[in-house]
Protein chains: 2
Amino acid sequence: MKVSKYRDTKPTQELPGVVKREVINANDGAPNYCMRVFDVEPGSSTPSHSHAWEHEVYVLSGQGEVVGEQGEKPLAKDSVVFVPPNEHHCFVNNGKEILRFICVIPLI
Amino acid sequence: MKVSKYRDTKPTQELPGVVKREVINANDGAPNYCMRVFDVEPGSSTPSHSHAWEHEVYVLSGQGEVVGEQGEKPLAKDSVVFVPPNEHHCFVNNGKEILRFICVIPLI
């Protein structure tokens with residue numbers, strides 16, 4: 001068993017304005033999926049892209065929107081997002097605080 | 001894409017003092033794993049058990065401890081827990097507020 005605080009995990013700068021922490025990954029013995037925490041600065045967003053794997057997302061704090069193939073939907077604390085495989089998407093921080101969310105992906 | 005608030009998901013009473021919401025599951029098209037949110041009342045706990053699948057947990061609010069095979073460790077907001085397959089574990093609310101956490105399991 002591994003118990004930590006998410007801030008114990010070393011952050012990596014994914015791109016300007018976006019920081020990622022892999023709080024549980026294969027190095028911990030995770031066999032199937034990986035839990036990451038993203039911090040997106042106000043005015044920043046994750047890249048608009050698609051891929052063959054899904055996302056399961058839970059918003060911890062902040063304000064923003066997720067842009068999918070049917071348009072955008074607002075996000076706030078306690079929003080839940082399922083992005084199915086191959087759907088184009090991005091997460092946008094249009095608020096004034098950090099947009100922080102958990103994003104679980106399969107280990108591939 | 002599915003976007004919701006976790007409270008939009010109908011809760012189920014897992015046992016006295018423990019409520020579960022499956023915020024993303026196979027009915028949403030999730031192919032590999034399921035995201036649940038648990039609310040554990042003060043003085044209550046999840047059953048002490050083990051199983052062949054892992055847990056990836058993120059604590060949203062409250063105070064408690066996770067009891068594993070090497071003893072107990074404290075939990076609070078932003079704690080992260082990886083429970084490997086087959087390790088005995090339970091989550092205990094020893095605080096005064098609801099202990100709320102995300103728990104991701106494989107779809108089996």
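The values are calculated or read from the model by the stated rules, or taken from the named source; none is laboratory data. Only a predicted model underlies this, so the values are computations on that prediction, with no experimental measurement involved. Counting neighbours? That spans all protein chains shown, and the Cβs are built from the backbone with ideal geometry, glycine included. Quick note on the areas: whole protein, heavy atoms, side chains included, nothing else; ligands and nucleic acids left out. Shrake-Rupley method; radii C 1.70, N 1.55, O 1.52, S 1.80 Å.
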Using the alpha-carbon centroid of each, what span in Å lies between region A:44-108 and region B:1-60?
-> 20 Å
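For the protein assembly as shown, what is the convex hull (Cα atoms) projected area averaged across all directions, in square nanometres?
Numbers: hull surface 45.1 nm².
Projected over every direction and averaged, the Cα hull of the protein assembly as shown covers 11.3 nm².
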Violating pairs (Cα-Cα greater than 27 angstrom) within the set A:2/B:2; A:2/A:96; A:96/B:20; B:5/B:77; B:10/B:96; A:10/B:10 = A:2/B:2; A:2/A:96; A:96/B:20; A:10/B:10
Report, as an integer, the average count of C-beta atoms from other chains found within 10 Å of each Cβ along A:1-10.
-> 6
Would you kindly derive the ³J(HN,Hα) couplings of region B:3-8 from the backbone phi angles with the Karplus curve 6.51 cos²θ - 1.76 cosθ + 1.60 (θ = phi - 60°), listing them in order in whole Hz, with x for Gly and Pro?
-> 10, 8, 9, 4, 6, 5
Mind checking the mean number of beta-carbon atoms from other chains within 10 Å of the Cβ atoms in A:30-38?
-> 4
Restricting to Cα pairs under 8 Å and 6 or more apart, the percent relative contact order of chain B works out to 31 percent
Heavy-atom accessible area per residue of region A:3-108, all protein chains kept, 1.4 Å probe, expressed in Å², is 45 Å²
Which whole number gives the average, over all residues in B:96-102, of C-beta atoms from other chains lying within 10 Å of the residue C-beta?
-> 1
Picking from A:82, A:63, A:49, whose Cα lies most toward the positive end of the charge dipole for region A:1-88 (charges on Cβ: Lys, Arg +1; Asp, Glu -1)?
-> A:63
